[in-house]
Every structure is written in C-alpha cells, then in structure tokens.
Amino acid sequence: MVRIFLVEDNAVVRAHLRAVLEKRNDWKVVGEAENGLRAVQRWEEHAPSITVLDFVMPVMSGLEAGRNISKQHPESPVLMVTIYPSPQLQEEAKKAGIRGLVQKADTRSLLEAVEAVLRGETYFHEGMAA
C-alpha cells in the first residue's frame, strides 16, 4: 500500500487531489496538512511512502517544507504541485531535494509523477513553460 501525505492549503483542492490519488486501489492518503509548517510537524506521525505538497501555502512554503522533509527523511520522496510551474521553480525544487514538480491541474501527470518518484526516478519536464 502506497501511503500518501497530502499538503495543500485549499480544502476543496485538497479534497480533489485526494480523490484523484485514491482512484488507485493501492494508494491511500494517510494524512493531510494545510500548510508547510504543519507538514513538517506532522510528517512522522503518518510515515508516508510519498509526500505530495503544494508550492504556495501560508506559514511555510511547499519549497521550504519539502526541503525540510527531504533532509530529515531522504528515503521518502517529495513531489511538488503548483498552478504555475516554471524552469526557475523546477531548479529550486531540485536543489531542495524535491524529486518532482507537476502542474496541479494535470491529473495524468500527477499520477505519472507519483509512480516515477516511487520508483526512485525524478519527474521534471525540461522544457517547462515559464
């Protein structure tokens, strides 16, 4: 069973992402957080296989939360979602130890990205539009 920790500040978007991720019978969202700081604080109580987090959030950004989680738990990949992916954000995410970046609305890429990072791969598009 793939255990997913979902971090998104908008409750409606979080519910949508959860529904998309849980369409796979072997994937389960085991925990949620509404900001980056809560994600860092609550990560260990969920011990997820993967963390999927939004970039723009209050209190602590997804980039900073992802950096903290990746540093403390390098065995568990972090995947970032955002409305507006850019080459600059992609580079910052890579530097932070985040293993993938996808556009939030692209559900097919989200599922592909989760599968890729769980296999130990990264999921970044080189020609990502600004």
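The values are calculated or read from the model by the stated rules, or taken from the named source; none is laboratory data. Given the structure is predicted, the values throughout are model-derived calculations rather than measurements. Glycine gets a Cβ as well: all are built from the backbone with ideal geometry, and neighbour counts include every protein chain shown.
In the range 68-92, what count of residues is obtained for those that are touching a Gly at 6+ places or on another chain (Cβ under 7 Å) and under 24 Å from Arg18 (Cβ atoms)? Counting residues in the range 68-92 that are touching a Gly at 6+ places or on another chain (Cβ under 7 Å) and under 24 Å from Arg18 (Cβ atoms) gives 4. Filtered by the rule that a residue be exposed (fewer than 13 other Cβ atoms within 10 Å of the Cβ) and part of a loop (DSSP other than H, G, I, E, B), the range 99-108 gives a lone residue, Ala105. Taking the range 2-46 as the range and being among the aliphatic types (A, V, I, L, M), in contact with a strand residue (DSSP E or B) (Cβ under 7 Å, 6 or more places away or on another chain) and closer than 16 Å to Glu75 by Cα as the test, the residues that pass are Val2, Ile4. Applying the condition of being free of Cβ contacts under 8 Å to residues at least 40 places away in the same chain and within 14 Å of the chain's Cα centre (by Cα) to the range 39-54 and asking which residue is nearest to Gln103 (Cα to Cα) yields Ala39. Could you look through the range 1-58, keep only residues that are of a type in the set (S, T, N, Q) and surrounded by fewer than 17 Cβ atoms within 10 Å (Cβ to Cβ), and pick out the one that is modelled with the lowest pLDDT? By that ranking, first place goes to Asn25.
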